[in-house]
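To start, the structure under review is shown below, and the notes come after it.
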Amino acid sequence: MKVSVQVADFTWPGGDAAIASGLRAIGQAADEAGFDTVWVMDHFFQLEPMLGPADHAMLEGYTTLSYLAGITENVRLGTLVTGVHYRTAGLLAKTVTTLDVLSGGRAWLGIGAGWYERESVGLGFPFPPLTDRFEQLEEALQIVLQMWSGDRTPIEGAHYQLAEPINSPQALTKPRPPILIGGAGEKKTLRMVAQYADAANLFIHPGIETLRRKLDVLKAHCERMGRDYDEISKTVGGFFYTGQPLSEIVEQVKPLAEVGFDHAIFNVYDDYLGTPVERLATEVLPAIAEL
């Protein structure tokens, strides 16, 4: 099982001036320790009430990943996940391509239908109805894949129209950056994972039996489409590392590995110090990697 870290909060001791040094500590610790990916949320307000007040510090995702690209060499970089309504599909393709080029081929495209209406209303982003956002998500996936293929055929979709979908430079990752879709919806989201994506992202909170059913649904979608289910990475988030004993973490992760998850994503308490990320690597990463 692969292990990654997610940075989900930037309200750290020292205030705003300390954010850059804290992020550097996390990125370099993760890079040196051999984690698979550093993920950041693509949000503009903190997730209230789950992770803190809405006005806690929150960085723009792709600017943050570009900073991390410049201070790391190996760890992959992605958003967990981009709301499709934040950026037009052509702009998103260019943004992720730019990250991939500047990082030397380490970018993920993490994407989903989005849900946090407050930040959209607060900052003036459009927030279409859910049905429309799912339609946008599918169109965006099709557009990004076309642009990464080099096909410049004009696109006339219901939500996006691109007269010249030029993507130059092209991504360094071959055949293209991997796509992760976040969400657990059985009819639309998991069907799109089977059709377009390289990874699914689910959260641990519903419990093992619910997650087992979600993977069964994904497998059924793959079978209907002739897609190899084993080609798709099954990532799971919602873990918090606070220095608890290794046995507790393995007990939590092992059942997920047994049902088919292959990538665990951790939030790390006091991650801005760097050393807790190093401790997670030393104490937890080797044991989970064997699952």
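A few comments on the model shown:
- Evaluating Val193 against the criteria (1) touching a residue at least 24 places away in the same chain (Cβ under 8 Å); (2) out of contact with any His (no Cβ under 9 Å at 6 or more places or on another chain); (3) under 28 Å from Ser103 (Cβ atoms) leaves one unmet condition, (2).
- Of all residues in the stretch 82-92 being β-branched (Val, Ile, Thr) and surrounded by 23 or more Cβ atoms within 10 Å (Cβ to Cβ), the one that is farthest from Thr173 (Cα to Cα): Val84
- Lone unmet requirement of (1) under 21 Å from Val38 (Cα atoms); (2) of a type outside the set (Ser, Thr, Tyr); (3) out of contact with any Pro (no Cβ under 6 Å at 6 or more places or on another chain) for Asp151: (1)
- Val40 meets the conditions (1) free of Cβ contacts under 8 Å to residues at least 40 places away in the same chain; (2) crowded, with 24+ Cβ neighbours inside 10 Å in every case but one. The failed one is (1).
- Qualifying residue in the stretch 224-232 (condition: surrounded by 12 or more Cβ atoms within 10 Å (Cβ to Cβ), closer than 20 Å to Glu290 by Cα and without any contact (Cβ under 8 Å) to a residue 40 or more places away in the chain): yes
- Residue within the stretch 53-65 that is under 20 Å from the mean Cα position of the chain (by Cα) and touching a residue at least 60 places away in the same chain (Cβ under 8 Å) present: no
- Whenever a residue of the stretch 174-186 is within 16 Å of Val236 (Cα to Cα), its partners that are modelled with pLDDT of 95 or more and surrounded by fewer than 17 Cβ atoms within 10 Å (Cβ to Cβ), lying with C-beta atoms within less than 7 angstrom and at least six residues away or across chains, give the pairs Ile179/Asp198; Leu180/Asp198.
- Cβ-Cβ under 6 Å pairs, at least 6 apart or on other chains, the stretch 233-252 side assigned to a loop (DSSP other than H, G, I, E, B), far side surrounded by fewer than 19 Cβ atoms within 10 Å (Cβ to Cβ): Thr242/Tyr269
- Residue within the stretch 251-268 that is more than 17 Å from Ile204 (Cβ to Cβ), of a type in the set (A, V, I, L, M) and either surrounded by fewer than 20 Cβ atoms within 10 Å (Cβ to Cβ) or modelled with pLDDT under 95 (or both) present: no
- Elements of the type helices (runs of 4 or more DSSP H) sitting completely within the stretch 93-212 and holding at least 1 residues that are of a type in the set (Phe, Trp, Tyr) and surrounded by 16 or more Cβ atoms within 10 Å (Cβ to Cβ): these cover 130-149, 189-196.
- Filtered residue count, the stretch 160-208, keeping only those that are of a type in the set (Asp, Glu) and within 18 Å of the chain's Cα centre (by Cα): 1
- Residue under evaluation Glu138, criteria (1) closer than 18 Å to Ala197 by Cα; (2) out of contact with any helix residue (DSSP H, G or I) (no Cβ under 7 Å at 6 or more places or on another chain), criterion not met: (2)
- Scan of the stretch 49-73 for residues that are part of a loop (DSSP other than H, G, I, E, B), of a type outside the set (Asp, Glu) and exposed (fewer than 13 other Cβ atoms within 10 Å of the Cβ), ordered by number: Pro49, Met50, Pro53
The values are calculated or read from the model by the stated rules, or taken from the named source; none is laboratory data. Just so you know, these numbers come straight off a predicted model, no measurement behind them. Positions of Cβ are generated from backbone atoms using ideal geometry, with glycine treated the same way; all protein chains shown enter the neighbour counts.
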